[in-house]
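Here's the structure we're looking at; comments come further down.
All of the numbers you see were taken from the coordinates with simple rules; none came from a lab. A quick note: this is a predicted structure, and the numbers were derived from the prediction, not measured. Here the Cβ is made from the backbone with ideal geometry for all residues, glycine too, and neighbour counts use every protein chain on show.
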Amino acid sequence: MALQRARPRLRIALGCIIGLHLVAWAAPSLGDTAMAAAGAQALVPVPASASGQLPAASNVGCGAKGVGLHGLGHQGVALQVLGSGGPELQDKRASSSYLIWRAGVPRVLIDSGGGSALRFGESGATMSDLDVILLTHLHVDHTADLTALVKSSFFESRHRKLPLFGPAGNQFFPATTRFIQTLFASSDGAYRYLGDFLNPNATDAYLLNAHDVVPGAHEVRQIYDAQGTRIFATTVVHGSVPAIAYRVELDGVSIAFSGDTNGNNGNLERLAHDANLFVAHNAVPEGATGVERSLHMPPSVIGKIAAAASVKQLVLSHRMLRTLGHETESLAAIHTSYTGQVTFADDLQCFPVSR
Ligand SMILES: [Zn+2]
């Protein structure tokens with residue numbers, strides 16, 4: 001039996017270069033941020049986590065698996081880790097992706113690496129509820145499932161615009177706007193059969209606006225302010241890959257995302273200042289050198305940044321085979337600087353975020 005289309009047409013409009021009509025965010029002084037959250041509990045990962053076996057998600061504040069989103073009585077803000085792994089499939093984790101829930105409704109999606117579209121569905125989220133998508137950079141383990149998510153929305157009934165933000169391009173990577181065109185352009189896109197997404201004349205579908213984020217070298221720039229959510233972006237160093245870290249503020253709480261970075265340019269400390277939750281990537285073990293270190297933060301650097309920023313809670317994600325099983329030493333390296341709560345993330349894990 002043929003499927004009925006939920007709605008006739010969708011479209012994507014490729015948007016502007018971010019830079020106009022936006023205000024730079026004046027980060028608070030860091031003069032009083034040397035003290036970490038003393039006395040907070042450090043969580044030691046359970047063995048099942050280190051072995052790649054996924055524990056049951058609590059889903060407190062997030063959508064319930066297999067249950068409709070609305071009317072569940074969820075309150076407040078929560079972060080759900082959709083993908084806690086890196087590019088390796090043998091880690092038995094989806095690649096990088098995060099979802100911010102507000103009162104039981106998914107609002108902000110950060111990255112969509114391979115496998116995360118399945119986790120997105122398992123979380124109970126729908127594309128129709130999202131306010132905005134943020135891409136930290138355009139590596140496969142952060143973007144591969146974006147097309148699956150967009151295609152899934154074909155069967156929903158979204159009509160309002162869906163902004164999507166990501167880095168500008170360089171000689172090695174396309175700009176985010178170009179990336180979206182490369183995927184969906186009806187003329188020459190890889191998925192040109194989804195050409196309806198680019199139909200500029202469509203009036204009965206939602207508009208996916210792609211934006212290139214171009215903050216100054218050491219600027220923390222506000223890129224989004226709508227429906228009670230404010231989002232800030234700053235440039236981070238990830239080898240030759242254009243990369244952005246984000247801070248999302250809503251309902252009086254803040255969540256910062258490092259994305260992939262070596263943490264070397266000093267911007268993360270300001271972006272994550274006083275954040276209620278800081279998601280950092282545990283992609284390399286302590287002592288990493290060479291290319292690994294040039295691309296990623298070792299645990300000691302994560303700890304220094306978390307301490308300098310005085311974040312309330314640290315979540316370690318983007319776990320890889322080279323860091324899985326090394327949680328005890330990673331935690332020790334972090335705790336040389338940061339004494340707040342540290343949790344090693346697993347897929348679908350839910351973190352309620354309160355002031
Ligand atoms: Zn990555």
Extreme residue, positive dipole direction of the stretch 249-355, given options LEU324, PRO285, SER310 (C-beta unit charges):
SER310
May I ask you to compute the full-extension gain from ASP196 to ARG355, defined as 0.36 nm times their residue separation minus their alpha-carbon distance, rounded to one decimal in nm?
53.0 nm
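How do the peptides 288-294, 315-321 rank, highest first, by the average count of neighbouring beta carbon atoms within 10 Å per residue? Provide the component values of the computation, followed by the final result.
Numbers: 288-294: 13.0, 315-321: 23.7.
Packing proxy ranking, top to bottom: 315-321, 288-294.
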For the stretch 323-336, in residue order, the Karplus 3J(HN,Hα) values (coefficients 6.51, -1.76, 1.60; θ = phi - 60°; whole Hz; Gly and Pro = x) are 10, 4, x, 10, 4, 4, 6, 4, 5, 5, 5, 5, 6, 5
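Output the relative contact order of the stretch 257-314, whole-number percent, from Cα pairs under 8 angstrom with separation of 6+ residues. Before the final figure, lay out each step's value.
Details: 88 pairs, mean separation 27.4, N = 58.
Taking the mean separation of contacting Cα pairs over the length of the stretch 257-314, I get 47 percent.
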Ratio of alpha-carbon Rg to the 2.2 N^0.38 Å globular estimate for the stretch 292-348, to two decimals, please.
1.07
With only alpha-carbon atoms in the gyration tensor, what are the semi-axes of the equivalent ellipsoid for the stretch 151-280, in Å, largest first?
29, 20, 11
For the stretch 268-325, the Rg and Dmax computed from alpha carbons only, in angstrom:
11.4, 32
Counting alpha carbon pairs within less than 8 Å and at least 6 residues apart, what relative contact order, in whole percent, applies to the stretch 197-355?
17 percent
7 Å from Cα along Cα→Cβ at both LYS151 and SER186: what's the point-to-point distance in nm?
2.0 nm
Residues in the stretch 302-338 that a label on GLN90 would reach, taking backbone N under 15 Å of a point 7 Å out along Cα→Cβ:
320-325
Residues of type aspartates and glutamates that LYS304 reaches as a straight line, Cα spacing below 12 Å, ignoring anything fewer than 8 places off in the same chain:
GLU269
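Normalised by the number of residues in the stretch 86-168, what is the relative contact order in percent for Cα pairs under 8 Å and 6+ residues apart?
Working: 149 pairs, mean separation 24.1, N = 83.
Relative contact order, the stretch 86-168: 29 percent.
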